[in-house]
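Let me begin by presenting the structure, written as structure tokens, before commenting on it.
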Amino acid sequence: MEEKLRVRRIGLTGGIASGKSTVTELLRKMGFTVLDADAMYHQLVAANGALLPRLVEAFGEYILAADGSLDRRVLAKHIFAEKAAREKLDAITHSAVYHELDRLAKETISQWKIQRTRKAAEDNEVAHRLLFFDIPLLMESFGASQCLSLDRIWLVTAPEAMRKQRLMVRDGLSEEEAKRRLAAQMSEDEKQKKADVILTNDADLEKLKKIVEEAVRGEEYA
Ligand code: ATP
């Protein structure tokens with residue numbers, strides 16, 4: 001039978017304190033499904049998580065906490081000074097997170113297909129749906145992300161001074177610490193080159209909402 005449900009997969013990303021979570025929240029309030037890469041990672045490294053055996057194989061038993069979950073502090077200490085170990089960790093985790101997100105996306109789309117009314121199918125109506133993925137490190141793991149077959153990438157961005165201010169307020173950081181975290185990020189220029197849509201979050205929440213609504217309209221009828 002001919003496929004009547006067309007889904008556009010959209011990756012949502014942005015640097016630290018740019019406003020990704022705020023955009024995700026707005027999209028969910030608008031009724032969209034947003035799959036979350038961070039939540040998926042936490043699930044994979046919780047006790048009995050599917051990623052743990054692979055991490056133990058790569059780094060050793062000592063990375064496990066007493067409850068069998070990943071002891072992130074121990075692992076972070078181990079990889080801190082060693083670039084090769086960091087790269088190994090990234091390769092394992094990014095690939096696992098993307099494959100699981102893809103599995104979840106397929107499951108979600110199957111559910112949507114089941115929910116489509118018989119009448120819509122009989123009328124030959126073609127439905128378009130947007131499926132979002134909140135992926136903070138999408139640009140940094142661009143190669144691995146290919147298995148997710150993203151159709152589009154949205155980048156949330158904001159002027160550095162504003163991100164610094166938001167970071168200080170949200171996380172209670174000193175100006176020095178906020179600056180240090182911003183400086184550790186991939187450059188905005190580099191990120192913008194890979195983005196299809198740029199959401200500039202440089203004003204209040206009302207304005208951000210309008211920007212998100214406009215971006216959604218751009219996708220639905222593109
Ligand atoms: P991280 O990558 O660090 O998790 P993020 O990109 O998800 O950050 P948010 O947590 O959405 O960023 O936003 C950072 C902070 O700035 C939050 O406290 C949020 O409430 C606030 N914020 C975001 N956008 C706006 C805005 N347009 N107006 C006012 N506050 C905002």
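The values are calculated or read from the model by the stated rules, or taken from the named source; none is laboratory data. Note that the structure is predicted; figures quoted are calculated from it, not measured. Note: ideal-geometry Cβ built from the backbone for every residue, glycine included; neighbour counts use all protein chains shown.
In the range 201-222, which residue that is more than 17 Å from Gly19 (Cα to Cα) and assigned to a helix (DSSP H, G or I) is modelled with the lowest pLDDT?
This residue is Glu220.
Residues in the range 158-186 that are modelled with pLDDT of 95 or more and of a type in the set (S, T, N, Q): how many?
Summing the residues that are modelled with pLDDT of 95 or more and of a type in the set (S, T, N, Q) in the range 158-186 gives 2.
Being over 20 Å from Met139 (Cα atoms) and among the hydrophobic types (A, V, I, L, M, F, W, C), is that true of even one residue in the range 88-96?
no
Does Ile109 fit the bill of being more than 16 Å from the ligand (Cβ to nearest atom) and either over 13 Å from the mean Cα position of the chain (by Cα) or in contact (Cβ under 8 Å) with a residue 60 or more places away in the chain (or both)?
yes
Out of all the residues in the range 1-36, which are at pLDDT 95 or above and of a type in the set (Asp, Glu)?
Glu25, Asp36
Listed here are the residues, each with its yes/no results for (1) within 14 Å of the ligand (Cβ to nearest atom); (2) buried (at least 16 other Cβ atoms within 10 Å of the Cβ); (3) more than 25 Å from Ile10 (Cβ to Cβ).
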{"residue": "Gly143", "(1), (2), (3)": "no, no, no"}
{"residue": "Thr157", "(1), (2), (3)": "yes, yes, no"}
{"residue": "Val169", "(1), (2), (3)": "yes, no, yes"}
{"residue": "Asp189", "(1), (2), (3)": "no, no, no"}
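Can you say whether Ile114 is surrounded by 15 or more Cβ atoms within 10 Å (Cβ to Cβ) and among the aliphatic types (A, V, I, L, M), as far as the supplied structure shows?
Answer is no for this residue.
Exactly one condition in (1) of a type in the set (A, V, I, L, M); (2) within 30 Å of Lys210 (Cα to Cα); (3) part of a loop (DSSP other than H, G, I, E, B) is false for Ile10; which is it?
(3) is the only condition that Ile10 fails.
Given the conditions (1) touching a strand residue (DSSP E or B) at 6+ places or on another chain (Cβ under 8 Å); (2) of a type in the set (S, T, N, Q); (3) within 12 Å of the ligand (Cβ to nearest atom), and given that Ser149 satisfies all but one, which numbered condition is not satisfied?
Every listed condition holds for Ser149 apart from (3).
Restricting attention to the range 121-147, which residues are among the polar types (S, T, N, Q) and closer than 28 Å to Glu213 by Cβ?
Ser145
For the range 15-39, give me each residue that is over 24 Å from Arg181 (Cα atoms) and either within 12 Å of the ligand (Cβ to nearest atom) or buried (at least 16 other Cβ atoms within 10 Å of the Cβ) (or both).
Leu26, Leu27, Phe32, Thr33, Val34, Leu35
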